[in-house]
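One structure is given below, encoded as structure tokens.
The values are calculated or read from the model by the stated rules, or taken from the named source; none is laboratory data. Since we're looking at a predicted model, the values are computed, not measured. Neighbour counts are summed over all protein chains in view; Cβ atoms, including those assigned to glycine, are modelled from backbone coordinates with ideal geometry.
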Amino acid sequence: MLEGQRAAFTADGPADAALRRNRIDRLLALVLDNADAFVDAMAQDFGTRPKAGSLFT
């Protein structure tokens, strides 16, 4: 897997700033849109945990 990533980076070069910002924006939207699912998963993994505590950390 890493060899494939290395080859792609070597062939394409680094992503420009606009593409990096777009990726960060999409990641942030994904995390915010799925916050409840993340909190539920953390509660299952770590036991009873206050929702507010999970959202702030």
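Set side by side, the residues 11, 43 differ, and just one is on the phi < 0 side of the Ramachandran plot and surrounded by 10 or more Cβ atoms within 10 Å (Cβ to Cβ), which is 43. If residue 4 satisfies every condition in (1) of a type outside the set (A, V, I, L, M); (2) under 16 Å from residue 57 (Cβ atoms); (3) more than 18 Å from the chain's Cα centre (by Cα) but one, which is the exception? Only one criterion is unmet by residue 4, namely (2).
Okay, residues lined up against (1) part of a helix (DSSP H, G or I); (2) modelled with pLDDT of 90 or more; (3) touching an Asp or Glu at 6+ places or on another chain (Cβ under 6 Å):
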site: 18; (1), (2), (3): yes, yes, no
site: 21; (1), (2), (3): yes, yes, no
site: 29; (1), (2), (3): yes, yes, no
site: 44; (1), (2), (3): yes, no, no
site: 49; (1), (2), (3): no, no, no
site: 53; (1), (2), (3): yes, no, no
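Being hydrophobic (A, V, I, L, M, F, W, C), without any contact (Cβ under 8 Å) to a residue 12 or more places away in the chain and either farther than 29 Å from residue 5 by Cα or surrounded by 12 or more Cβ atoms within 10 Å (Cβ to Cβ) (or both) is a description that does not apply to residue 35. Within the range 2-43, which residues are among the β-branched types (Val, Ile, Thr) and within 30 Å of residue 54 (Cβ to Cβ)? The answer is 24, 31, 39.
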